[in-house]
1. Could you look through segment 32-75, keep only residues that are within 10 Å of the ligand (Cβ to nearest atom) and acidic (Asp, Glu), and pick out the one that is surrounded by the fewest Cβ atoms within 10 Å (Cβ to Cβ)?
2. Which ones in segment 84-99 are open to solvent by less than 10 Å² (accessible area, probe 1.4 Å), closer than 21 Å to ALA27 by Cβ and not hydroxyl-bearing (Ser, Thr, Tyr)?
3. Just to be sure before I move on: is ILE121 open to solvent by less than 10 Å² (accessible area, probe 1.4 Å) and closer than 30 Å to LYS201 by Cβ in the structure I sent?
4. Scanning segment 126-143 for residues that are touching a residue at least 40 places away in the same chain (Cβ under 8 Å) and crowded, with 24+ Cβ neighbours inside 10 Å, which turns out nearest to the ligand (Cβ to nearest atom)?
5. Looking at (1) in the same structural domain as GLY65 (by TED's automatic domain parsing); (2) away from the ligand (no atom under 15 Å from the Cβ); (3) outside any helix (DSSP H, G or I), which is the only condition TYR193 fails?
6. Can you pull out the residues in segment 144-186 that are within 15 Å of the chain's Cα centre (by Cα), surrounded by fewer than 19 Cβ atoms within 10 Å (Cβ to Cβ) and within 16 Å of the ligand (Cβ to nearest atom)?
7. For the subset of segment 192-209 comprising residues that are over 16 Å from the mean Cα position of the chain (by Cα) and not aliphatic (A, V, I, L, M), which member is least open to solvent (accessible area, probe 1.4 Å)?
8. Under 7 Å by Cβ, and 6 or more places apart or on different chains, what pairs join a residue from segment 9-28 that is under 14 Å from ILE54 (Cβ atoms) with one that is among the aromatic types (Phe, Trp, Tyr) and within 13 Å of the ligand (Cβ to nearest atom)?
Amino acid sequence: MDYKNILYSAENGIATITINRPKALNALNTETVSELRDLVGKIAADSEIKVVVITGSGSKSFVAGADIVEMSTKNAVEGRAFGKIGQDTFTEIENMPQPVIAAINGFALGGGCELSCACDIRYASENAKFGQPEVGLGITPGFGGTQRLPRVVGRGYGKELIFTAGMIDAQEAYRIGLVNKVVPQEELMDTVYALAKKIAKNAPIAVQLSKAAINRGINCDVITGIAYEDEVFGLCFATEDQKEGMGAFVEKRKATFTGK
Ligand code: CO8
């Protein structure tokens, strides 16, 4: 898969997407968002991929937001169209069957912070910085930030970040629950891959159904969510991996899952 602004690799069921526009601190222009969307669709359909990692190239920035230079000349129709392609792409990421981990290696601003919030789990390097600078540019967050950020950190911190257009460091992001872990920059990818491997060795269908149940439940009332859990839980008993997982426990051996 050949893209201009994105690098892709996959090894042992773990896919890595690297946003690669280092000269613009990996800012997302239309071309990059379109490439990202295309790649996400392909990975979502690839049953060999168990876990997805998203990061930025270089040691300074994850994604420094949507491309301000490109946006600066857009009219209302064009601006909205750009917002829509970002929103749709990030929603596709959120709903990928596989768990998605954001490896945040520097600035995660605007669309970068929004991209990280569309991922399931966020790990950051010590130099990472987070923020939603949009209101300082005369716009609102437009790639899902008004919706996902408050769901991740709560509406108080979400509103503070959005209203102030300020930046917080990785430790503060950890304190408010925006990231699960902070590690030195040189340890970030190893730590993320260790997490990815831990997830990848579990029964893939059960992991994917768990993700779907959590995502669906978070957007509805508990009773509806529990009804959905009931469905997916029952479904697991139709898989070979349920027989293997429980059989291995009973036989006191390690389970080998096939994703069937
Ligand atoms: N867009 C375009 N180019 C960028 C961006 C960006 N978001 N961020 C950095 N760059 C470019 C700079 O212009 C610069 O390019 P050049 O070398 O050609 O001048 C290069 O990257 C390096 O940047 P700096 O020299 O500024 O590096 P510093 O270390 O001095 O500063 C910062 C780093 C603090 C990250 C600074 O670059 C900055 O503030 N960047 C902008 C961050 C920002 O405001 N992001 C939010 C953008 S808005 C957004 O994401 C909205 C999403 C929803 C859109 C919905 C559309 C309708």
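The values are calculated or read from the model by the stated rules, or taken from the named source; none is laboratory data. Being a predicted model, the structure only gives us computed values, none of them experimental. We place every Cβ from the backbone using ideal geometry, glycine too, and count neighbours over all the protein chains shown. Quick note on the areas: whole protein, heavy atoms, side chains included, nothing else; ligands and nucleic acids left out. Shrake-Rupley method; radii C 1.70, N 1.55, O 1.52, S 1.80 Å.
1. If we filter segment 32-75 for residues that are within 10 Å of the ligand (Cβ to nearest atom), which is where we start, we get 33, 60-61, 63-72, 74.
Filter once more, keeping what is acidic (Asp, Glu): 67, 70.
Values: ASP67: 20, GLU70: 17.
Selected residue: GLU70.
2. The first filter runs over segment 84-99 and keeps only residues open to solvent by less than 10 Å² (accessible area, probe 1.4 Å), leaving 86, 89-90, 93, 96, 98.
Checking which are closer than 21 Å to ALA27 by Cβ leaves us with 86, 89-90, 93.
Scanning segment 84-99 gives GLY86, PHE90, ILE93.
3. Numbers: open to solvent by less than 10 Å² (accessible area, probe 1.4 Å): no; closer than 30 Å to LYS201 by Cβ: yes.
Criteria not met by ILE121.
4. PHE143
5. (3)
6. GLN147
7. For segment 192-209, the residue satisfying everything is PRO204.
8. ASN26/PHE62
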